[in-house]
Amino acid sequence: MSNQNKKIVIDPITRIEGHLRAEVEVDETGVVKEAYVSGQLFRGIETILKNRDPRDVGLFAGRICGVCTNSHFRGAVTCVEDAYSLVIPKNAEIIRDLIAMALFIQDHVVHFYHLHSLDFVDITSALNADAKLTSKEAHKYSTQPLRNSHTHYEEVIAKLKNFVKAGKLGPFGNCYWGHKDYRLTSEQNLIIVSHYLQALKFQTNISKAVAIFGAKTPHPQTLVVGGITSVADMLNPGRLNDYLFIIKEAKDFIDRAYLPDMKLIATAYRDEIKSGLGRANGNFLSVGGYEFEDEQKLFCSGVIYNHDFDNIAGFDESKITEEVDCAWYSKDGEVDYTDLNEDGSLKTAKNDDKYSWIKAPRYDGKTMETGPLARVLISYKNKTPLINSFVDEFLKETDLELMDLSSTIGRNGARAIETSYICEYIFKLVSRLIQNIKYYDTDTWTKYEFGELPKETKGRAFLEVPRGVLSHFVNIKNQKIDNYSVIAPTTWNATPKNLDGMRGAYEEALVGIKIDDTSKPLEVLKVLHSFDPCLACAVHVIDANGIELSRYKIKTL
Ligand code: NI
C-alpha cells in the first residue's frame with residue numbers, strides 16, 4: 001500500500017448470512033486501488049459428514065446454509081446418485097425442480113427488497129413524497145403498477161412516520177440516509193418502499209410453495225437418494241393447484257413491482273450503468289440445467305472469457321481447480337488461521353498473505369463470475385427461445401445494451417429477468433407433470449438395494465442454484481462417506497487472490513469505484529450486495545490429503 005492510500009474496513013457486509021468483510025485501499029481522491037474480500041466464519045460440515053451413511057448426506061449437507069437449504073440438500077442427494085449411477089424418474093426430477101424454482105423466486109425477491117434495495121432507496125426521502133405524483137410516476141414503468149392508489153401511498157407514509165416517531169427504525173436503522181449516492185426522487189423512493197413492505201408478505205407466500213412439495217422450509221425434507229417422498233402431494237390436484245396459485249400471485253408481483261422497479265433504477269442510475277460500475281473481469285460460468293422439453297433447458301451451460309459474448313466455450317468440469325495460498329489452510333489442508341498483524345490490523349497487505357476462510361476455485365486457471373448474470377448472458381447468446389424475449393424487452397425498455405448488464409445494476413436486472421422467466425417455465429413444468437400422471441406414469445423413486453451398490457465409488461453434482469454454480473463431490477469407501485467437498489456460488493464470486501494475484505469477481509468489481517465519503521462507504525456495499533453474497537455457503541474446508549476427488553484435482557499446493 002502506498003503512503004497516500006487509505007484503508008477502509010467494512011464488516012459485516014450483509015444483512016443475513018453475514019461474516020463477509022471487505023478491506024479496500026483508496027487513494028486521495030477516494031478511488032479504490034485494491035480490494036481484499038474475506039469470509040470470516042469457519043464452517044466444516046464436510047468434517048461432520050465423514051463416515052456417515054451416503055443416504056443421509058442430504059439432510060446434513062442441507063445445514064451448510066440457513067438460506068440455501070434446498071440447494072445443498074439436492075446437491076448432496078444428486079452427487080450420491082451420481083456415485084451409484086442411479087437415474088431418478090422424470091416425475092421426481094420435476095418435483096425437485098418445482099421446489100427449486102419456488103426457492104429461486106423467493107431468494108431473488110428477498111435479495112433485492114430486503115437485502116439490497118436500501119443501497120438505492122432512501123427511506124427518509126420517501127417521507128416527503130406526494131402520493132398523487134407517486135402514483136403517476138409508477139405508471140412510467142408499468143401499465144398496471146401494483147397497489148398504486150393515492151390512499152395506499154398515504155398509508156405507507158403514515159406507517160413510516162410512525163416508525164420514525166417511535167424511534168424504532170428496525171430494519172431501516174443503521175443506513176447512510178441522505179448519502180449523495182442516493183439518486184431517486186421522493187416519489188420513486190416511496191414506490192420501492194411500498195414494494196419492500198409488500199415483499200415481506202410475498203416472502204411468506206412463496207415459502208409455502210417450497211413447502212408444498214418439500215414438506216417444510218427452510219430445510220425441505222422430501223428428497224431421498226433415488227427420488228422423492230412427497231408422492232401423495234404430487235398426486236393430489238388440490239396441492240398442485242395451491243402451488244400454481246402461489247406462483248401466479250408471485251408472477252403478478254414480479255411483473256407489476258419487481259421488474260418495473262429494476263427499470264426505474266436502471267433509468268435513474270443510467271450514467272452509472274454506462275460507466276460499467278461494479279463490472280468484474282468478464283469471465284462467466286454456467287453449468288446450465290432444468291430440462292423442460294427434450295433437449296431444451298431453462299439455463300444453458302457455457303463459459304465466457306473477458307466479455308467475449310460471441311465466443312462461448314463449452315463447460316468442461318476437468319478445468320476446475322482449487323487453491324488455498326491466500327486462504328487460512330496449510331498446504332496439507334489443515335486449518336492455518338492467523339488473520340491479524342501485531343498491530344491488530346487484518347493481514348492483507350501483501351498478496352501472499354492469508355486473509356479468508358474461502359478457498360480459491362479457478363476455471364481454466366481463471367477467476368469466474370457465476371450467478372443470474374452469467375446464466376442470462378450465456379443462455380441469451382445460446383438463443384434459448386424463452387429467455388431471449390425477456391432480455392430483449394428489458395434492454396429495449398431501459399435503452400441498454402447487453403454489455404451494460406455486466407454492472408452492479410445490470411446484475412440486479414438479470415436477476416429480475418430470470419425471476420420472471422422462471423415463472424413461465426414453472427407453468428410448462430407443471431403441465432409436463434400433469435401429462436405424465438394422466439398417462440399413468442406415477443414413478444417417484446428408483447428402486448435399489450443398498451447392500452448391492454458398489455462399496456467404493458465417487459460422485460459429483462453440478463447445479464445452478466439462485467446464487468450461481470453449486471458443486472458437490474463425494475468419495476465413498478466401505479459404503480461410508482470418505483471425503484466430501486463443496487464449491488458454492490459465493491466461493492467462486494468471493495474467492496480470495498491466490499499466488500496468481502488474480503482478483504475474484506467481488507474484488508475486481510470493487511477496484512476503480514469512487515467512494516465519496518470514506519466514513520460512509522455505501523458504494524462498496526452496493527457493489528458487493530449486487531452479487532447476493534451467501535457466506536455460510538461459501539466457506540468449505542479443503543480435502544486434507546489433496547487427493548483426487550471424483551475427476552478433479554483438488555490442489556492444495
Ligand atoms: Ni447460502
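The values are calculated or read from the model by the stated rules, or taken from the named source; none is laboratory data. On a predicted model such as this, the values are computed, not experimentally measured, just so you know. Every residue, glycine among them, receives a Cβ derived from its backbone with ideal geometry; neighbour counts consider all protein chains shown. Heads up: the accessible areas ignore ligands, DNA and RNA and are worked out on the full protein's heavy atoms, side chains in. Shrake-Rupley method; radii C 1.70, N 1.55, O 1.52, S 1.80 Å.
Would you mind telling me which numbered condition in (1) at pLDDT below 95; (2) farther than 20 Å from I105 by Cα; (3) in a helix (DSSP H, G or I) M403 fails?
(1)
Inside the stretch 361-381, can you point out the residues that are crowded, with 24+ Cβ neighbours inside 10 Å and either part of a helix (DSSP H, G or I) or more than 18 Å from the chain's Cα centre (by Cα) (or both)?
Once the filter is applied, which keeps residues that are crowded, with 24+ Cβ neighbours inside 10 Å and either part of a helix (DSSP H, G or I) or more than 18 Å from the chain's Cα centre (by Cα) (or both), the stretch 361-381 yields P372, L373, A374, R375, V376, L377, I378, S379.
Restricting attention to the stretch 84-93, which residues are part of a helix (DSSP H, G or I) and surrounded by fewer than 23 Cβ atoms within 10 Å (Cβ to Cβ)?
Scanning the stretch 84-93 gives K90, N91, E93.
Can you tell me which residues in the stretch 128-146 are part of a loop (DSSP other than H, G, I, E, B) and surrounded by fewer than 19 Cβ atoms within 10 Å (Cβ to Cβ)?
N128, D130, H139, K140, S142, T143, Q144
Is one or more of the residues making up the stretch 484-493 outside the structural domain of V231 (by TED's automatic domain parsing), surrounded by fewer than 24 Cβ atoms within 10 Å (Cβ to Cβ), more than 16 Å from the ligand (Cβ to nearest atom) and not in a loop (DSSP other than H, G, I, E, B)?
The answer is yes, given that some residue of the stretch 484-493 is outside the structural domain of V231 (by TED's automatic domain parsing), surrounded by fewer than 24 Cβ atoms within 10 Å (Cβ to Cβ), more than 16 Å from the ligand (Cβ to nearest atom) and not in a loop (DSSP other than H, G, I, E, B).
Every residue in the stretch 294-344 that is part of a strand (DSSP E or B) and of a type in the set (A, V, I, L, M, F, W, C), please.
L298, F299, C300, V303, I304, A313, I320, A327, V335, L340
Of (1) open to solvent by less than 40 Å² (accessible area, probe 1.4 Å); (2) among the hydrophobic types (A, V, I, L, M, F, W, C); (3) in a helix (DSSP H, G or I), L200 satisfies all except one. Which?
(1)
For the stretch 494-523, how many residues are within 16 Å of the ligand (Cβ to nearest atom) and open to solvent by 10 Å² or more (accessible area, probe 1.4 Å)?
Here the count works out to 0.
Out of all the residues in the stretch 35-62, which are part of a strand (DSSP E or B) and either surrounded by fewer than 20 Cβ atoms within 10 Å (Cβ to Cβ) or of a type in the set (F, W, Y) (or both)?
Scanning the stretch 35-62 gives a single hit, Y36.
In the stretch 406-428, what residues are outside any helix (DSSP H, G or I) and either in contact with a strand residue (DSSP E or B) (Cβ under 9 Å, 6 or more places away or on another chain) or open to solvent by 10 Å² or more (accessible area, probe 1.4 Å) (or both)?
Hit for the stretch 406-428 is S406, nothing else.
Quickly run through the stretch 63-83 and pick out the residues that are open to solvent by 20 Å² or more (accessible area, probe 1.4 Å) and more than 16 Å from the ligand (Cβ to nearest atom).
Passing the criteria: T78, D82.
Output the number of residues of the stretch 151-167 satisfying the condition of being β-branched (V, I, T) and not in a helix (DSSP H, G or I).
So the answer is 0.
Please tell me if A461 is buried (at least 24 other Cβ atoms within 10 Å of the Cβ), touching a strand residue (DSSP E or B) at 6+ places or on another chain (Cβ under 9 Å) and of a type in the set (A, V, I, L, M).
Spelling it out, it is not the case that A461 is buried (at least 24 other Cβ atoms within 10 Å of the Cβ), touching a strand residue (DSSP E or B) at 6+ places or on another chain (Cβ under 9 Å) and of a type in the set (A, V, I, L, M).
Report the residue count in the stretch 209-238 for those that are within 23 Å of the chain's Cα centre (by Cα) and in a helix (DSSP H, G or I).
The total comes to 6.
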